[in-house]
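Everything below concerns the one structure shown next.
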Amino acid sequence: MPELPEVEVTRQGIEPFVCGYRIDKIICRPKTLRWPIPLKQLQSELQGQFVQSIKRRGKYLLFEMPSGFFVLHLGMSGFLRILPEFVPPQKHDHVDFLFDSGRVLRFNDTRRFGALLWLGEQPFSHSLLAHLGIEPLEPEFNGQYLFQRALKKKTSVKTYLMDQKTVVGVGNIYANEALFKAKIHPLRPSASISLKEYQLLTKHIKLILKHAIKQGGTTLKDFSNADGKPGYFSQSLQVYGRADEPCLNCSTPIQNIRVGQRSTYFCGKCQKGD
DNA sequence: AATCGCGCCTGACGGC
DNA sequence: TGCCGTCAGGCGCGAT
């Protein structure tokens, strides 16, 4: 579930149940997810402490604690839920945070690519966060930025866009969607895209991400619902997953190719310039 | 320095 | 029914 909108919706959804509350206990069932879970450290730094804020950087969630930051990445299949009280874990429910309110923050991750880390007081200097690109919803993310940076690059525009050092939070689905909206062929060299095209592209990235966050926020009125699992907003996807179906602009069948080992969908007529 | 491909892990699905 | 290959929204790592 994890591109920027899903992570941001998660952040907003859990915030009212987590911020200002005390973590009484952490229950962790596996020893390892993507990496070994520093359980002892998490217990000593988090248990008995109040969560001060939850921030997001790219696809990382940062829980601000009195002595530093606990950082969570949802990986490919991870999601967080708020339970009104402790109930026995189901399959792939890996970690529970028990709060003084009685509620439980529960992490479920089928594919176990998620990560839990203690990054201390300077999380942004940690190697995982230090080299991340700019936030797509910030004003500094604009056509000029993408254009200038691309001049030195040799990759395709889609790979360039999904590189977290370029811009954070744009994953495979929204990269496909944004390139379609901007009418840019995913295989075009990133350095061949004009400033005007990059301006259009950044505009659509912002629109798509904002729209998805808004949809997620309204879909998930009650994040503590057991079914409150943020999903992708497939009703608004125009190309992703639509191989051989008609383009919503011109009815040409949508093509599916692989770009950098990732499934890529586009309209060969609307997105010219391979 | 930049780029590419692999592999981590589980589950769903389609073909035989 | 079962087995096998392929695919899935991410990302760090080693090889080039």
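Laboratory data are not the source of any read-out in this text; all were calculated from the coordinates shown. Keep in mind that this is a model prediction, so the values were computed, not measured. Cβ sites come from the backbone with ideal geometry, for glycine too, and all protein chains shown count toward neighbours.
What are the GluC sites (Glu not before Pro) within the stretch A:88-194 that DSSP puts in a loop, where the Cβ has at most 13 other Cβ atoms within 10 Å?
Here the GluC sites (Glu not before Pro) that fit, given the DSSP loop and packing criteria, are A:GLU121, A:GLU140.
Would you mind classifying the stretch A:4-130 by shape? Square roots of the alpha carbon gyration tensor eigenvalues, ordered a ≥ b ≥ c; an a/c under 1.5 is rounded, otherwise it is prolate if a/b is larger than b/c and oblate if not.
rounded
Would you mind calculating the gained length between A:ASP244 and A:LYS203 on full extension (0.36 nm times residue separation, minus the Cα-Cα distance), in nm to one decimal?
Contour length minus Cα-Cα distance gives 12.0 nm.
Please identify the trypsin sites (Lys or Arg not before Pro) of the stretch A:106-208 that satisfy two criteria: DSSP loop assignment and at most 16 other Cβ atoms within 10 Å. Which are they?
A:ARG111, A:ARG112, A:LYS152, A:LYS153, A:LYS154, A:LYS165
Measure off 7 Å from each Cα along the Cα-to-Cβ vector at A:LEU137 and A:SER194, then give the distance between these two points in nanometres to one decimal.
Label at A:LEU137, label at A:SER194, 3.1 nm between them.
For labels at A:ARG112 and A:SER127 in the simple 7 Å Cα→Cβ model, what's the distance in nm?
2.3 nm
Sort chain A into rounded, prolate or oblate with this rule: let a ≥ b ≥ c be the square roots of the eigenvalues of the Cα gyration tensor; rounded if a/c is under 1.5, and if a/c is not under 1.5, prolate when a/b is larger than b/c, oblate otherwise.
Prolate, since a/c reaches 1.5 and a/b exceeds b/c.
Counting only C-alpha contacts under 8 Å and six or more residues apart, can you give the relative contact order of the stretch A:4-130 as a whole percent?
Relative contact order of the stretch A:4-130: 29 percent.
What FRET efficiency comes out for A:LYS153 versus A:ARG29 if R0 is 45 angstrom and r is the Cβ-Cβ distance? Round to the nearest 0.05.
0.60
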